[in-house]
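Just below is one structure, and these are the notes that go with it.
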């Protein structure tokens, strides 16, 4: 297990809580975890620290929210997301993903702004978000960003909200989509050397915090109205995007 100071352990436990909360529907908090682990372990190595934690949370989220998934939307974006993972892997062999953070942050911030406009004027985009012309590039971008920085949660969550999925269908759809795509990412991350025995030992130590975040989020999301949920999603996504732009 990597050596951590007491302060770093505190940050790591808080970030693990955020991982669990993100899988319960507060997707922007996943980027808080990404940024925290990047500050402790460095941008590239942190991707291997975070991925197994996400898979643990994905398993819990699938068990809790499995009946709410919309497979028609998952099937629409999943194949090109796989292509994006492969592309992200090729770039990670040559480029430190810290250089890519501002791009991800800018995209998420732009999507947050567009969704805010849509909430204010519901008919402004018509049925554009439902078209393959939107879904396919988004799937490719989601795969690319999740491989490069584990940062696609808010991106796909905003898409789910944009196509008018209710909050529990958003969470269930995200749970299954990321469970599949994160498992697909594992051999690529192992080949890059960012998942190894030491990182897995740390992951095991943080599992209780991940589960605590997941079930706390499950309790919270059942008590938050739909529009408040969408507003919080936008707030978390925009805040995490600004954090990425400033790092």
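Could you state the number of Å between the C-alpha centres of the range 15-74 and the range 195-224? Each part reduced to its Cα centre gives a spacing of 8 Å.
Using only Cα atoms, tell me the angle between helix 226-246 and the longest principal axis of the chain; keep it within 0 to 90° and round to the nearest 10. It works out to around 50 degrees. Taking label points 7 Å from Cα along the Cα-to-Cβ direction, residue 120 and residue 183 give a separation of 4.2 nm.
The slack in the chain from residue 1 to residue 86, taken as 0.36 nm per residue of separation less the alpha-carbon distance, amounts to 27.7 nm. Values [x] 13.7; [y] 11.8; [z] 15.1 are given for comparison; mean projected area of the Cα convex hull in nm², derived from the coordinates here, is the one labelled [y]. In terms of other Cβ atoms within 10 Å, 73, 3, 159 run from fewest to most in the order 3, 73, 159. Ranked by how many other Cβ atoms sit within 10 Å of their own Cβ, fewest first, the residues 196, 68 fall in the order 196, 68. The gain in end-to-end length when the residue 164 to residue 201 segment is fully stretched comes to 9.3 nm, 0.36 nm per residue minus the alpha carbon separation. Against the chain, whose longest principal axis comes from its Cα atoms, helix 197-221 is set at around 30 degrees.
Axis of helix 167-192 versus longest Cα principal axis of the chain: the two differ by about 40°, to the nearest ten degrees. Fewest-first ordering of 121, 176 by other beta carbons within 10 Å of each residue's beta carbon gives 121, 176. Residues within the reach of a label modelled at residue 242 (point 7 angstrom out along Cα to beta-carbon, backbone nitrogen below 15 Å), restricted to the range 5-31, are 29. You can think of it this way: the chain between residue 227 and residue 71 has 53.8 nm of extra reach, that is 0.36 nm per residue less the Cα-Cα gap.
Dividing the mean sequence gap of close Cα pairs (under 8 Å, 6+ apart) by how many residues the chain holds gives a relative contact order of 42 percent.
Largest GNM mean-square fluctuation across 150, 132, 182, computed for the chain with C-alpha springs under 10 Å, falls on 132.
Coordinate-derived values only; no laboratory data. Keep in mind it's a predicted model, so treat the numbers as computed, not measured. Every residue, glycine among them, receives a Cβ derived from its backbone with ideal geometry; neighbour counts consider all protein chains shown.
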